[in-house]
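**Q** First the structure, then my questions, so here it is.
The values are calculated or read from the model by the stated rules, or taken from the named source; none is laboratory data. Remember, predicted model here, so these are calculated numbers, not experimental data. For neighbour counting, all protein chains shown are included, and Cβ atoms are generated from backbone atoms with ideal geometry for every residue, glycine included. Just the protein is used for accessible areas: all its heavy atoms, side chains included, with ligands, DNA and RNA removed. Shrake-Rupley method; radii C 1.70, N 1.55, O 1.52, S 1.80 Å.
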Amino acid sequence: SLILMELHGNALTGTVPPSIFREMDALQFLWLGDNDLTGPIPDALAGDLIFLGLEQNRLTGTVPPAVFSRSGRAPSGPGLWGLTLHSNELSGPIPDTIGENAGLRILALEDNSLTGTVPDSFRDLNSVEWL
């Protein structure tokens, strides 16, 4: 079972295929940053995913609540500890589910068009080291 997929810094085009998350349920580390990916972020994630790097693409739409949600994910697992979505074309609010990942250490959302206020659940992120 594939645990790590790093395709950072290539010339990949198209959308992020939802099948990555459906069919690779052991995947823990997915880094597709610094490519030319477009479209929305899929709203279903692998159950054991701990790092998701989609920075420096041309992704559009909102940040799906499922990115932060522990629902449907391995309850005994470490949860998401790294999320890099900076330098895309994302819009809309930061999902309230952000606080469900108390172990989140890396969060990069800058250089998008996010709107609204920072969710109250943000205060539950006691482990963030890089923001």
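**Q** Of all residues in segment 84-106, which are closer than 21 Å to Gly39 by Cα and either modelled with pLDDT under 95 or part of a loop (DSSP other than H, G, I, E, B) (or both)?
**A** The answer is Leu85, His86, Ser87, Asn88, Pro93, Ile94, Pro95.
**Q** Can you name the condition, by its number, that Thr13 falls short on among (1) over 20 Å from Pro65 (Cα atoms); (2) in contact (Cβ under 8 Å) with a residue 40 or more places away in the chain?
**A** (2)
**Q** Kindly provide the set of residues from segment 116-131 that are open to solvent by 80 Å² or more (accessible area, probe 1.4 Å) and assigned to a loop (DSSP other than H, G, I, E, B), ordered by number. Working first, answer last.
**A** Pass one, segment 116-131, residues open to solvent by 80 Å² or more (accessible area, probe 1.4 Å): 117-118, 120, 123, 126, 129-131.
Thr117, Val118, Asn126, Glu129, Leu131, listed by residue number.
**Q** Please go through segment 6-37 and pick out each residue that is touching an Asp or Glu at 6+ places or on another chain (Cβ under 9 Å), open to solvent by less than 30 Å² (accessible area, probe 1.4 Å) and assigned to a loop (DSSP other than H, G, I, E, B).
**A** Answer for segment 6-37, where residues must be touching an Asp or Glu at 6+ places or on another chain (Cβ under 9 Å), open to solvent by less than 30 Å² (accessible area, probe 1.4 Å) and assigned to a loop (DSSP other than H, G, I, E, B): Ala26, Leu27, Leu32, Gly33.
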